[in-house]
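Enquirer: Structure in structure tokens, see below.
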Amino acid sequence: MKLFLTTAAILAAATTAHADDTKHFDGGYIAGEGGYLTGDGPDGAYYGGFAGFRWQDNNNFVFGLEGSFGTTSVGTYYDESDSEDFYKSQWTALATVGYANGRNLFVVGGGYARANSSYVYGGESTDVSYGAFAGMVGYEHAFDDLISLRARVVTYEFKQFIPSLGFVFRF
């Protein structure tokens, strides 16, 4: 979490906040990201991607829809019951709103998340799937009109958090 906040602060401080007529955050995009799942339950590495479409108006407000898909390295073995459980995958569908200041975008979002996991007990495997509220807050810096770096934190019902960093490619 400290690395995430430090990176976001350095990016924000290193950029100049000037008015720019270019809409750096308008159109479709696809991205890859890596991070860390933490909170209630076991912690572990996260990797995945997201894609979406954004509309930047003339007042620099940015509205969008995005979806993400990822997986984690989270797995837990319970010695006393000879069982284990682990995440298989998770996805989100979010509506986002933000404000662009030159090449900088500050964004929040909310929507739905679905997680798929497995539970193994006595050699029998059971797949479990559940849905939850998802929230997101992030910062993105556009290096040019096609590539930007995004730092964000996604939360599932404010119990689990995934701070992540990823490259965004606009088309």
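Enquirer: Quick one: net charge of Phe169's neighbours, Cβ under 15 Å, K/R +1, D/E -1?
Expert: -3
Enquirer: Something else about it: Over segment 106-171, with the other protein chains present, what is the accessible area per residue in square angstrom, probe 1.4 angstrom?
Expert: 49
Enquirer: Same structure again: Roughly how many percent of the accessible protein surface of segment 109-154 is carbon and sulfur, given a 1.4 Å probe and a whole-percent answer?
Expert: 61
Enquirer: How big is the dipole moment of segment 22-145 about its Cα centre under a simple scheme where the beta carbon of each Lys and Arg is +1, that of each Asp and Glu is -1, and everything else is neutral? Debye, nearest 20, please.
Expert: Taking the Cα centre of segment 22-145 as origin, the dipole is about 680 debye.
Enquirer: Here is a further query. Could you compute how fast segment 99-171 diffuses translationally, taking Rh as the Kirkwood radius over C-alpha pairs and applying Stokes-Einstein at 37 °C with viscosity 0.692 mPa s? Give it in µm² per second.
Expert: For the chosen part, D equals 227 µm²/s.
Enquirer: Using packing as a proxy for protection, rank 94-106, 42-54, 121-133 so that the peptide with the highest average count of other Cβ atoms within 10 Å comes first.
Expert: 94-106, 42-54, 121-133
The values are calculated or read from the model by the stated rules, or taken from the named source; none is laboratory data. What you are looking at is a predicted structure, and each value in this text was computed from that prediction instead of being measured. Every residue, glycine among them, receives a Cβ derived from its backbone with ideal geometry; neighbour counts consider all protein chains shown. Only protein heavy atoms, including side chains, enter the accessible area calculation; ligands, DNA and RNA are left aside. Shrake-Rupley method; radii C 1.70, N 1.55, O 1.52, S 1.80 Å.
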